[in-house]
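Asks: Next up is a structure, given as structure tokens.
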Amino acid sequence: MSGRTERGRFEIDATKGNPSEEHGLRGLSRQKTLVKPERQRTQRAPMLRKANAAPPTARVGATTARLGKQLPEPEALLAYSTPSPVAAEDPNWWTYFSRSMTCCVWPRCMEACGMTDKNIQQAWREKVTLCMIIGFLCFFVGFFSFGLKPVLCPNGSSSSASDAYLNRTDHMSVPYRDGVIIFGSLYDFNATASMLAQRANIQLTADWHGIDISRLFAGRPTADCMTLLGGVSIDCTVPNPFPLSPALQPPDGVGCPDPTWLSGIANRRLFFQWNEVSENVISPHSLLVFNGAVLNLTSFLATADTVDVPGMLALVTLIRTSLGRDITLLWTNTGLRRKTMTCLQRQYQAGFIDQDSIGCAAYQTIMVIMMIIIMGVVACRFVMALAFYYFFSESIKISKYSPESRYSQVVYHDGYPRPTFSNGDSLDMYTMLLVTCYSEGGDGIRGTLESLAETVYPDDKKLLFVIADGLIKGDDWKATGKTTPEIIVDMILEDPALGEAVPKSYLAIADGAKQHNAARVHAGYYPHNGRHVPIIVVVKCGPESENVSSNAKPGNRGKRDSQMILMNFLSRALFNDRMTPLDHDLYNKIFHITGVTPNVYETILMVDADTRVSPMSLRHMNGAMKADGDIMGLCGETRIANKSDSWVTAIQVFEYYISHHLGKAFESVFAGVTCLPGCFSMYRISAGKGDKITPFLVSPDIVEEYSENVVDTLHKKNLLLLGEDRFLTTLLLRTFPRRKMVFVPKAICHTVVPDKFKVLLSQRRRWINSTIHNLLELVLLRDLCGIFCFSMQFLIALELLGTAILPSTILSLYVLVLSSFVSPQPLPLILLTTTLLLPGVLISFTTRKWVYVGYMFIYLLALPVWNFILPLYAFWRFDDFSWGETRKVVGDAGGGGHGDKDGEYVAGSVVLKK
């Protein structure tokens, strides 16, 4: 104990700047830990309160970032007064918008349905408005996938009539019986017949419905064309498709009809597909393309060899080698060639090449751009995840200041590691291991504490800190008759020198009378296989007035309040602020069992009470913190301990795996993991260099926002009541956008996940709704890593959009698969298959744990659950802030939330002192 005491005293005296015997001569007293703190704070507007509003009640008497650009001197905090109640927030644009969207639902109608409170009514309006927005986005995705093409390109690429030209085998099956083909256009049959009869006495009989009669008009070339083509004469007689019927030709003595006679007759173009041109290169259809027009040069090539014109042989040779292709570029490089091809076009044009309309071109452009973006993001995530695994993750390793070689040996006894440390262990950081408990059974809690005690880390540098959230009759109540706190206290060896633990008051995270809470502090050691790890157990028991009531959960204030007990305490200790009686009790007992004051602790590992941590995890996580001072938070990989319990656990295995090795690995490349899971994450308390200390987790910006007790809007409740871990990550990224949040794959834990579908439904409802509201906050940050499409802000926006449109994506997926059986679409199916199977490729390149490939197919079969059932249920329950089936205990009808106001807080009921 003496060695620890001396080290603790040295750290404190070093920050004070003068050696002191205060610990030994005058007993324990708090020191000025921030002589020259980093006082310049961020000026970002608060998220949950007005900028000029007082901090939450839990922060009374503490350093605040709301008093100006600089933190106040400690002397300015002596004038303690209880802040006045927070005034109701003024309606903003979102409030008015939600009311206008639901204006048809009158307040009286809502009251008739049981929604009498105005806040509940407003939350319902906001929920319905959000569902409308999500519904619109889903409709837009569906329209974009299947409705955009019919609107922009209703007839496909073009209205092709080439079949009537290329396949004239049955006169009765001619598709265009009301027209006649001339120079590549389909003219109205009756109008053309009337014109020929009047102007040339040519009778267009029924034999010519849908037939190409261009040759009738091609016998009158211009003088220039006669010269260029060598006087090739064209007989304007069109053979009849029926051998026994007469040909179409002018009467004797009447010349060929003039093509200009066709002006004014309704017509439309005849289009050829590119494959039709390339496949028809011999008689009777020798086709090529020039300047968008399809020419049939069969008759020209049949007689051109006999024409004695200079250059005609070379011309014919070029044409023969160019059949089936587009020769526009080749034949426009000289004026002579261009004029020659123009003459050929006037006489031998059969139609036009298929070209997209403006709408079709726009549709194709939009689809290509979206495909590039989607596949680019998918490929980028995949490549960066691989890069993280092979390159970047190697930099997130054990600190060079505390390498594994410091261990002289590791002895294993009964499967437990026994590290023997060299003299360099003073370089290890002091760390707290926070375990938040609620209703978990004794086996689960013991497994968590044992795994933390077994971690390969000096026992005198780690402190187990367990917080029991109320006197809860949990999973073992029926078997043992003991509450969860009693089960925990029975596991430790309390230090008898500290006497009996008595309730101490503190300011809780609640609204109303529940702001006054009390807790007992049990201090001692956790014994395990010959090791005795210092441990603090905080039991939230509630004040006397609460214990004598019929409350089934006295002292219960929620997980966020449990975290705030420690965070608020460390912040007050670091800034030398006024403390609650519970804070003073914690300060004295931590020093008694560890020999160091709380301000020397640099990191906190937060785990849930049903989580088992692997032995080397703490070493890896603290090593990463030590190696890179810019890291303010990190997480390890969470694996499922009960993967084979039911189909519900089986479908979660791959989802957990890929969310870490693809999602968090990708975000780590940008140093911006957007969610550090509450079951297994580490945070930096503060960082110091010399006499300057920078607070992170205990920064006034963080602690004030996280201790918000007035939770009266839909947005606040989704942030604060349903996903504390994600909101804490959001706060850190928002306050310190240039710092790092990373994933450490070598740190591993195993946790128990829901094995019943109704519990999974409750859990994912909280997670999905919390994700959407947190991403709404993060997407507004412009200080995150990267720019434009290569930025965290852009990726967060895509994730937010992707979460909102999950139901429409799964429907589009199945529509695409089913439609492929009717009309095969190979490219979309290939892209879809590639996207779905890429995670399996990632597994083969990284961990090579082939069992996860099997779980991947189980996950794919459960896609309707993940992408349709769970999101729809979550969206419609945006205004449900309870923990549902996840947190039911004996004597409690349901897992209610902690945001509702209950009574009035009595000012001064919790006395603060220095």
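Asks: Using the Cβ atoms and a cut-off under 9 Å, what net charge is assigned to the surroundings of T751, where Lys and Arg are +1 and Asp and Glu are -1?
Replies: With Lys, Arg at +1 and Asp, Glu at -1, the neighbours total 0.
Asks: To continue, here is another question. Would you kindly derive the ³J(HN,Hα) couplings of segment 748-764 from the backbone phi angles with the Karplus curve 6.51 cos²θ - 1.76 cosθ + 1.60 (θ = phi - 60°), listing them in order in whole Hz, with x for Gly and Pro?
Replies: Each residue's phi maps through the Karplus curve to give 10, 9, 10, 10, 8, 10, x, 10, 10, 5, 5, 6, 4, 4, 5, 5, 6 Hz.
Asks: How many angstrom separate the Cα center of segment 177-208 from the Cα center of segment 232-272?
Replies: First find each Cα centre; the distance between them is then 8 Å.
Asks: What do you get for trypsin sites (Lys or Arg not before Pro) in segment 699-741 restricted to DSSP loop and a cutoff of at most 12 other Cβ within 10 Å of the site's Cβ?
Replies: Answer in residue order: R738.
Asks: Convert each backbone phi in segment 493-506 into a coupling constant with the Karplus relation 6.51 cos²θ - 1.76 cosθ + 1.60 (shift: θ = phi - 60°), then list the ³J(HN,Hα) values in order as whole Hz, x for Gly and Pro.
Replies: Once θ is set to phi - 60°, the couplings for segment 493-506 become 9, 6, 6, x, 5, 8, x, 6, 6, 10, x, 10, 6, 7 Hz.
Asks: Related question: Sorted from fewest to most neighbouring beta carbons within 10 Å, what does the list Y683, Y873 look like? Mind showing how you got there, number by number?
Replies: Details: Y683 26, Y873 15.
Result, fewest neighbours first: Y873, Y683.
Asks: Still on this structure: Provide the per-residue ³J(HN,Hα) series for segment 647-658, in order, calculated from phi with Karplus coefficients 6.51, -1.76, 1.60 and θ = phi - 60°, each as a whole number of Hz, with x at glycine and proline positions.
Replies: Once θ is set to phi - 60°, the couplings for segment 647-658 become 5, 5, 6, 5, 6, 8, 4, 5, 4, 5, 4, 6 Hz.
Asks: Multiply the residue separation of N291 and M370 by 0.36 nm, subtract the distance between their alpha-carbon atoms, and state the gained length in nm to one decimal.
Replies: Numbers: separation 79, 0.36 × 79 = 28.44 nm, distance 3.11 nm.
That pair, N291 and M370, stretches by 25.3 nm at full extension.
Asks: Return the long-range amide H neighbours of V742 (sequence gap of 5 or more, or a different chain), with a cut-off of under 5 Å between placed amide H atoms.
Replies: Correct list: G633, L634, C635, V673.
Asks: Please compute the Kirkwood hydrodynamic radius over segment 177-293, one decimal place, Å, based on all pairs of different Cα atoms. Don't jump to the answer; show the numbers that get you there.
Replies: Working: mean 1/r = 0.0642 Å⁻¹.
Hydrodynamic radius (Kirkwood, Cα pairs) of segment 177-293 is 15.6 Å.
Asks: Can you give the net charge of the other residues whose Cβ lies under 14 Å from the Cβ of M195, counting K and R as +1 and D and E as -1?
Replies: Values: positive: R199; negative: D188, D258.
Neighbour charge sum, excluding M195 itself: -1.
Asks: Take the Cβ-Cβ distance between A479 and E450 as r, set R0 to 25 Å, and report the resulting FRET efficiency rounded to the nearest 0.05.
Replies: Working from the Cβ atoms, E equals 0.80.
Asks: Using a 7 Å offset from Cα along Cα-Cβ at L137, what residues in segment 663-707 end up with backbone N under 19 Å from the label point?
Replies: Under 19 Å, as judged by backbone N against the label point of L137, lie 674-675 of segment 663-707.
Asks: Give K589/K913; K127/K514; K473/K553; K473/K559; K589/K914 a once-over and call out the pairs whose C-alpha atoms are over 20 Å from each other.
Replies: Distance filter (> 20 Å) returns K127/K514.
Asks: Related question: Are there GluC sites (Glu not before Pro) in segment 428-482 that DSSP marks as loop and that have at most 14 other Cβ atoms within 10 Å, and which are they?
Replies: For GluC sites (Glu not before Pro) across segment 428-482 that sit outside H, G, I, E and B with at most 14 neighbouring Cβ atoms in 10 Å, the list is empty.
Bear in mind these aren't lab numbers, they're just calculated from the coordinates by the rules spelled out. Predicted model, so just to flag it, every value in this text is computed and none were measured. Positions of Cβ are backbone-derived with ideal geometry, glycine not excepted, and every protein chain shown enters the neighbour counts.
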